[in-house]
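Accompanying notes for the structure given below.
The values are calculated or read from the model by the stated rules, or taken from the named source; none is laboratory data. These figures come from a predicted structure and were not determined experimentally. Don't worry about glycine lacking a Cβ; one is built from the backbone with ideal geometry, like all the others, and counts go over all protein chains shown.
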Amino acid sequence: MSIQKLKDIVRNISDFPIPGIEFKDITTLFQSPESLHELSDILYEMYKDKGITMVVGIESRGFFMGPATALRLNAGFAPIRKPGKLPYKVYEESYTKEYGEDAIQIHADALGKDDVVLIHDDLLATGGTMLAAYKLVKKMGVKKVYLNFLIELEMLDARKLFPEDVEVESILKFEI
Ligand code: AMP
């Protein structure tokens, strides 16, 4: 299945959740076994030789392909969640969103210094969420970090937020 075909399967919803937002609905990508397999195969090919030991998924749409990719890579999986959701000791990172502050948390023992980590989320927009996740994971002293998205909104140019030596990959790139 071509990348263009996968892009065509993504459903665009105008004015969701608020007026002016063109929402990329990824549920249509998971609906057919063919597109689900294709995504899984692409992710596997991207990271199979990187020595990934842990995949970290960002709540909540990073929880679809995150664990699926961890299984393919024979890696573990750890969730990054909104405050108050994780039951054990956590590390937290705050970040500024368009309207006010937000924060994300990870279990303090989720990652170790020998881990090669792939942080996965569904979509790169302004990059605020992934930047906070990247900082959180870096603070845990892991060996190396890779960043991955199913979709990148290229016109927002959020890649520039991340250090040049960090590999940022996206599967489906949209100009609008
Ligand atoms: P950001 O921090 O701006 O990069 O936003 C990333 C998060 O917001 C992702 O986890 C997405 O789930 C969600 N998001 C932002 N913009 C969109 C959009 N246009 N369509 C779907 N999800 C979006």
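For region 123-133, which residues satisfy the criterion of being farther than 18 Å from P83 by Cβ and among the hydroxyl-bearing types (S, T, Y)? Full working, then the answer.
Just the residues of region 123-133 that are farther than 18 Å from P83 by Cβ, to begin with: 123-127.
Hit for region 123-133 is T126, nothing else.
Residue pairs whose Cβ atoms lie under 7 Å apart, sitting 6 or more positions apart in sequence or on different chains, and linking a residue in region 7-31 that is on the phi > 0 side of the Ramachandran plot to a partner that is at pLDDT below 95 and aliphatic (A, V, I, L, M), are D15/I21.
Might you let me know whether region 65-79 holds any residue that is more than 21 Å from G141 (Cβ to Cβ) and either part of a strand (DSSP E or B) or of a type in the set (D, E) (or both)? There is no residue in region 65-79 that is more than 21 Å from G141 (Cβ to Cβ) and either part of a strand (DSSP E or B) or of a type in the set (D, E) (or both). For region 109-145, enumerate the residues that are in contact with a Lys or Arg (Cβ under 6 Å, 6 or more places away or on another chain), more than 15 Å from the ligand (Cβ to nearest atom) and in a strand (DSSP E or B). Scanning region 109-145 gives a single hit, V116. With respect to the conditions (1) aliphatic (A, V, I, L, M); (2) within 13 Å of the ligand (Cβ to nearest atom); (3) buried (at least 18 other Cβ atoms within 10 Å of the Cβ), I106 falls short on a single one, namely (2). Going through (1) at positive phi; (2) part of a strand (DSSP E or B) one by one, G84 falls short only on (2). Is it fair to say L124 is buried (at least 20 other Cβ atoms within 10 Å of the Cβ) and under 22 Å from D8 (Cα atoms)? Criteria met by L124.
May I ask you to list the residues in region 17-34 that are more than 17 Å from L156 (Cβ to Cβ) and near the ligand (Cβ under 8 Å from one of its atoms)? Matches in region 17-34: D25, I26.
Quick test for you: out of E98, E93, pick the one residue that is free of Cβ contacts under 8 Å to residues at least 60 places away in the same chain, under 21 Å from F162 (Cβ atoms), within 16 Å of the ligand (Cβ to nearest atom) and not in a strand (DSSP E or B).
Working: E93 fails: not in a strand (DSSP E or B).
Testing whether each residue is free of Cβ contacts under 8 Å to residues at least 60 places away in the same chain, under 21 Å from F162 (Cβ atoms), within 16 Å of the ligand (Cβ to nearest atom) and not in a strand (DSSP E or B) leaves just E98.
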